[in-house]
Every structure is written in structure tokens, then in C-alpha cells.
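Encoded as C-alpha cells, the structure appears first; notes follow it.
The values are calculated or read from the model by the stated rules, or taken from the named source; none is laboratory data. What you see is a predicted model, and the numbers here were worked out from it, not measured in a lab. Positions of Cβ are generated from backbone atoms using ideal geometry, with glycine treated the same way; all protein chains shown enter the neighbour counts. What goes into the accessible areas is simple: the full protein's heavy atoms, side chains included, and nothing from ligands, DNA or RNA. Shrake-Rupley method; radii C 1.70, N 1.55, O 1.52, S 1.80 Å.
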Amino acid sequence: MRSTAAQSSTASRRLTIWGRYERALVTSGLSKAFGLPGLRIGWVVGPPGLIDELWGVHDYTSIAPGALNDRLARVALARRDFILARTRGIVAANYPLVRKWIEGRAPSLTHVAPEAGAIVFVRYRQSINSTALVERLRDDQSVLLVPGDHFEMDGYLRIGFGNHPAHLTSALELVGKVLDGVA
């Protein structure tokens, strides 16, 4: 189904760049806010000419989503307000845990609070490459994070905090343990 604008209820609308600039392009999907990354369903909103070009690329690289993926995506979108409220609840509960952990390790850790979503980039002061640090966390503590240098931001860790609060707290403690062992 082709659409040039996303429809949503007033209760769950968020600020967007769409419509503010002539060349704005907005991408989204079911992975983060809906918690459904395995469906591999997303969308683009942009100028009609560019959308037509993107459909050409899509048609060349993809046949169609799987029937089950498409059906589950439709179910999720029909329950959009409920799912997004759940996601906002998770973020509201878990971000304070991350913030407290970062503040407890200041000044060696800093961050800018995320405006939306359950991901935060945390700046660390230890002199270790972020990929090397993430590999150490994975190998020594079984904690998975994304290194900042994957985003050209060495010295940062990308931490997702959309999981169970007890798991999050435990993982942050393990990250702290590794950071404490790095000069």
C-alpha cells in the first residue's frame, strides 16, 4: 500500500521534521518503538518524486514482505496507541536507572538525555577504543553493547535500555566492572 503521509491519532503524535523542509525524508519502522525488529517492516515519508524513486529501488531489491510479517505488522499498527504507550512506559521506567548509573560514575561517564526512544550514547573517559571495549564486555561479561566508533563516535557506547529493569541494572553493573578495570 502506497501512502504519502502517515496517519496517527492525536494522542500519540510526536514532533517530526516532516513538512518543515522541502527535502525532508523521514524513515521509521516497527523495530524500535513497536519492539518488533524481526518483522523487518518499515516505511519512508518524503517528497513524492523521491518516494517514486525509492519504490523503484524497493521493487528491485525486495519482492514483498512475508505474509505473516505483513499480517503481524497490520495487527501492531491497529494497536499502535497501546503498543506505543507500553514502549513509553518502559522508557519512563528504565531511563532513570541508566541516568542514575551514569551520574554515579560522573565525571568519567556523561551523556545527553535521549528525547525519545530507549537508546542512549554514553561518553566514557577511559583510553580504550570503543570496539575493543565492547569486545571485552562481550567476552568477559556476556554484555552486548554497540561501540561508538560504528557511528564515528569513538569514546562512546550505545546502550539500549528497553529490556527488563533487573536485567538492565545487572548489565550496567557488569559494564561498570569492566570500565573500572580499564585505565
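Take residue 74 and decide whether it is farther than 15 Å from residue 117 by Cα, free of Cβ contacts under 8 Å to residues at least 40 places away in the same chain, open to solvent by 60 Å² or more (accessible area, probe 1.4 Å) and under 19 Å from the mean Cα position of the chain (by Cα).
Working: farther than 15 Å from residue 117 by Cα: yes; free of Cβ contacts under 8 Å to residues at least 40 places away in the same chain: yes; open to solvent by 60 Å² or more (accessible area, probe 1.4 Å): yes; under 19 Å from the mean Cα position of the chain (by Cα): no.
Considered against the rule, which asks whether it is farther than 15 Å from residue 117 by Cα, free of Cβ contacts under 8 Å to residues at least 40 places away in the same chain, open to solvent by 60 Å² or more (accessible area, probe 1.4 Å) and under 19 Å from the mean Cα position of the chain (by Cα), residue 74 comes out as no.
When the residues of segment 130-158 are filtered to those that are open to solvent by less than 20 Å² (accessible area, probe 1.4 Å) and in a helix (DSSP H, G or I), the one that is nearest to residue 170 (Cα to Cα) is 137. Of the residues screened, residue 84 is not one that is open to solvent by 60 Å² or more (accessible area, probe 1.4 Å), assigned to a helix (DSSP H, G or I), at pLDDT 90 or above and not acidic (Asp, Glu). Can you pull out the residues in segment 10-63 that are without any contact (Cβ under 8 Å) to a residue 12 or more places away in the chain, closer than 16 Å to residue 79 by Cα and either open to solvent by 100 Å² or more (accessible area, probe 1.4 Å) or more than 18 Å from the chain's Cα centre (by Cα) (or both)? Selection gives 10, 13. So which pairs qualify, if the first residue must be in segment 154-173 and on the phi > 0 side of the Ramachandran plot and among the basic types (Lys, Arg), the second must be open to solvent by less than 30 Å² (accessible area, probe 1.4 Å) and assigned to a helix (DSSP H, G or I), the Cβ gap must be under 6 Å, and the two must be at least 6 apart or on different chains? Partner pairs satisfying both residue conditions: none exist. Which ones in segment 114-129 are part of a strand (DSSP E or B), open to solvent by less than 40 Å² (accessible area, probe 1.4 Å) and in contact (Cβ under 8 Å) with a residue 40 or more places away in the chain? Those that are part of a strand (DSSP E or B), open to solvent by less than 40 Å² (accessible area, probe 1.4 Å) and in contact (Cβ under 8 Å) with a residue 40 or more places away in the chain: 120, 124. The residue of segment 89-113 that is surrounded by the most Cβ atoms within 10 Å (Cβ to Cβ), among those that are small (Gly, Ala, Ser) and outside any loop (DSSP other than H, G, I, E, B), is 93. Within segment 164-178, the set of residues being over 20 Å from the mean Cα position of the chain (by Cα), open to solvent by less than 30 Å² (accessible area, probe 1.4 Å) and closer than 17 Å to residue 120 by Cα comprises 176 only. Screening residue 29 with (1) at pLDDT below 85; (2) closer than 22 Å to residue 62 by Cα gives one miss only, at (1).
Report, by residue number, each residue of segment 153-163 that is modelled with pLDDT of 95 or more and within 17 Å of the chain's Cα centre (by Cα).
Answer for segment 153-163, where residues must be modelled with pLDDT of 95 or more and within 17 Å of the chain's Cα centre (by Cα): 153, 156, 157, 158, 159, 160, 161.
I need the full set of residues from segment 26-43 which are within 14 Å of residue 162 (Cβ to Cβ) and touching a helix residue (DSSP H, G or I) at 6+ places or on another chain (Cβ under 7 Å), in order please.
Result: 30, 31, 33, 34, 35, 36.
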